[in-house]
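The values are calculated or read from the model by the stated rules, or taken from the named source; none is laboratory data. Keep in mind that this is a model prediction, so the values were computed, not measured. Please note: Cβ atoms are built from the backbone with ideal geometry, for glycine as well, and neighbour counts cover all protein chains shown.
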Amino acid sequence: MAIELKPLAPTNTILFAQHGWADTAAAMTRLGQALAGPATLVVAPNLGYINTWIRIAPLIDNVAQIAAQQLQHYPNAKIRIIGHSMGGLMWVEVLHRHPEWWPRIQSLVLVASPVSGAHRGRMVDPFGWGIGIARDLSVNRRKLAETVAASIPTLVIAGDIDNGSDGVVLVESALLTNATCVVLHGLDHATLRYHPRLLPIIRHFWQHRTPYPRLTIDLAEKIIERLQMVPGMTITPRRDYMRARVLYTFTNGLTLRTWTNMFGVKHVFLADERGAHLYGGYVGWLHEPGLNNALQNIRTTYSEYVVE
């Protein structure tokens, strides 16, 4: 059921604030209240704590239905969206279904949302058998999110408490090419549902919102994009990078590195010319041939840049 906070003036903006996994609407309602203007209606659907542990599909349907009702009831209102964690993933899916809504949407804010797939979800359900919500959280929705962000001004906020994650979601799995990205050090996953540090960042983005310009695609971005296309690819913790050995070195100093853990799970990493970590991911046993093919494809496609 949606929690509606009635505005004191006629509604000209609807702010959807969506909670995520293992949560209810309380914190996101508070965040919405803190950000709402006098003519803003805050809609914070409570999808049910237990429901968030089962499957994401009915939750997406619920959010889409609630949004459709509000958009029909307020046909002239502009839309702002904030989604925390799985709440952001749900909204990415909803917006992908409803491009006809895009002209009314002023902004999308994804807070600690693992758009490239949740590492912990993949660990719980490595074969995608459908163990609770784990499989749904581990799905890579990066392409969907970047398509949305190319048309809707999008702000990504990630937390970092351990040099790479907010304790639940890896920083790299939250970031998007077509979005304005902010990493808040010292804030964990749960705290990011509502914290005073979020307020000026979101308000500033609303005031100065513009579609974030896509950077010129260089070799690193092309390699990362190719790796992300591998079925089953999941972002891996940055700490595992130190175990990897160089597979290819490129003329601009980039290195592509691999490491296989004690369970036979193959990891791949990309580092810059200084050896700094740029990207890391892994695939399960079933998808290792796809990763091997991608590595060979990278070697062939960019052979002119590979140092022999």
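Can you tell me which residues in the range 201-235 are within 25 Å of Val307 (Cβ to Cβ), among the β-branched types (Val, Ile, Thr) and at pLDDT 90 or above?
Result: Ile223, Ile224, Val230.
Can you name the condition, by its number, that Pro99 falls short on among (1) at pLDDT below 95; (2) surrounded by fewer than 24 Cβ atoms within 10 Å (Cβ to Cβ)?
Every listed condition holds for Pro99 apart from (1).
From Ser173, Ser165, which residue is touching a Ser or Thr at 6+ places or on another chain (Cβ under 6 Å), touching a residue at least 60 places away in the same chain (Cβ under 8 Å) and not assigned by TED's automatic domain parsing to the domain that holds Val268?
Details: Ser165 fails: touching a Ser or Thr at 6+ places or on another chain (Cβ under 6 Å).
Sole residue among the options that is touching a Ser or Thr at 6+ places or on another chain (Cβ under 6 Å), touching a residue at least 60 places away in the same chain (Cβ under 8 Å) and not assigned by TED's automatic domain parsing to the domain that holds Val268: Ser173.
So, Thr258, is that one outside any loop (DSSP other than H, G, I, E, B), out of contact with any Leu (no Cβ under 6 Å at 6 or more places or on another chain) and outside the structural domain of Gly167 (by TED's automatic domain parsing) or not?
Values: outside any loop (DSSP other than H, G, I, E, B): yes; out of contact with any Leu (no Cβ under 6 Å at 6 or more places or on another chain): no; outside the structural domain of Gly167 (by TED's automatic domain parsing): yes.
So Thr258 fails the test.
Between Ala158, Ala149, which is more than 19 Å from Gln33 (Cα to Cα), part of a helix (DSSP H, G or I) and in the same structural domain as Gly20 (by TED's automatic domain parsing)? Give the steps one after another, and end with the answer.
Details: Ala158 fails: part of a helix (DSSP H, G or I).
The unique qualifying residue is Ala149.
Just give me the residues in the range 114-146 being buried (at least 22 other Cβ atoms within 10 Å of the Cβ), outside any loop (DSSP other than H, G, I, E, B) and at pLDDT 95 or above, in sequence order.
The one that is buried (at least 22 other Cβ atoms within 10 Å of the Cβ), outside any loop (DSSP other than H, G, I, E, B) and at pLDDT 95 or above: Ala145.
Out of everything in the range 237-255 that is outside any strand (DSSP E or B) and modelled with pLDDT of 90 or more, what residue ends up being nearest to Val139 (Cα to Cα)? Steps first, please.
Step one: filter the range 237-255 for residues outside any strand (DSSP E or B), giving 237-244, 251-254.
Those still in the list that are modelled with pLDDT of 90 or more too: 241-244.
Numbers: Tyr241: 22, Met242: 26, Arg243: 26, Ala244: 25 Å.
Top of the filtered list is Tyr241.
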